[in-house]
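What follows is a single structure, written as structure tokens, with notes after it.
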Amino acid sequence: MERLDIYEAQERARLEASGAIKPQRAGRVKKEKTEVQRTINTTDPDAGMMHRPGKPVGMHYLSHQSVDAAYGIVVDVAVTPGNANDSEPYLERIEYMCSHLGLKIKTVSADSAYGTSLICQTLHERGIRLYTPKATGGITYKVEFRREEFKYQQEKASFLCPAGKGWNAPPTDRFSNSARFGARAALRRRKRATI
């Protein structure tokens, strides 16, 4: 993370100098970061608590492999705690393979999590071409609302989500039977009232 902080500070200074962004106000005091409580395994303190969709929750390690695609040979393996970001060891492993293994890396490919500005910039400076999946162009974050957060609007026979948008709930298993049948009954009452 220190490497990322240095990169961001340098990039901010470059953009401010070129006039692309406004300089930060002087005298603004940064708030101290609150320390995040981390779960530490007393029998294996190097393991990290992993919370990822579709993966078992618990103390784990992550394995990062680099493969020579032309020959199908694993050339490097790195192990990190389970709570490490996938992209954290990436540049270190590239530098290790170049300096210690003497590889002349020209192109690399990785999933979209590795397409960060720091990785792109560093690889570009080294003359290495990075291939990652194209961005979908849509919203890349996920927001989920619990069913309790939706408010039923009887006059419209629809639900209002926490973001303020209306939603005509289809009869799915996401809602309990009472909400599903309640919505249908309200819609029938509304139709009868307009006839």
| Any chance the stretch 22-38 includes a residue that's part of a loop (DSSP other than H, G, I, E, B) and either modelled with pLDDT of 80 or more or in the same structural domain as E92 (by TED's automatic domain parsing) (or both)? | no
| query | Hey, among the residues in the stretch 49-78 that are more than 29 Å from T107 (Cβ to Cβ) and touching a His at 6+ places or on another chain (Cβ under 7 Å), which one's surrounded by the fewest Cβ atoms within 10 Å (Cβ to Cβ)? | reply | V57
| task | Could you tell me whether L15 is at pLDDT 80 or above, within 24 Å of H124 (Cα to Cα) and in the same structural domain as H124 (by TED's automatic domain parsing)? | result | no
| task | Look through the stretch 87-112, keep the residues that are exposed (fewer than 14 other Cβ atoms within 10 Å of the Cβ) and in a loop (DSSP other than H, G, I, E, B), and return whichever of them is modelled with the lowest pLDDT. | result | D111
| task | Give the stretch 51-69 a look and list any residue that's closer than 18 Å to Y90 by Cβ and either assigned to a strand (DSSP E or B) or of a type in the set (K, R) (or both), or say none. | result | R52, Y61, L62, S63, H64, Q65, S66, V67, D68
| field | Conditions (1) assigned to a loop (DSSP other than H, G, I, E, B); (2) in contact with a strand residue (DSSP E or B) (Cβ under 8 Å, 6 or more places away or on another chain); number of the one not met by D76 | value | (1)
| request: Take the residues in the stretch 132-163 that are under 21 Å from the mean Cα position of the chain (by Cα) and among the charged types (D, E, K, R), then tell me which one is modelled with the lowest pLDDT. | output: K142
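The values are calculated or read from the model by the stated rules, or taken from the named source; none is laboratory data. The structure displayed is predicted, hence computed values, not measured ones. A quick note on method: Cβ atoms are made from the backbone with ideal geometry, for glycine too, and the neighbour counts reach across all protein chains shown.
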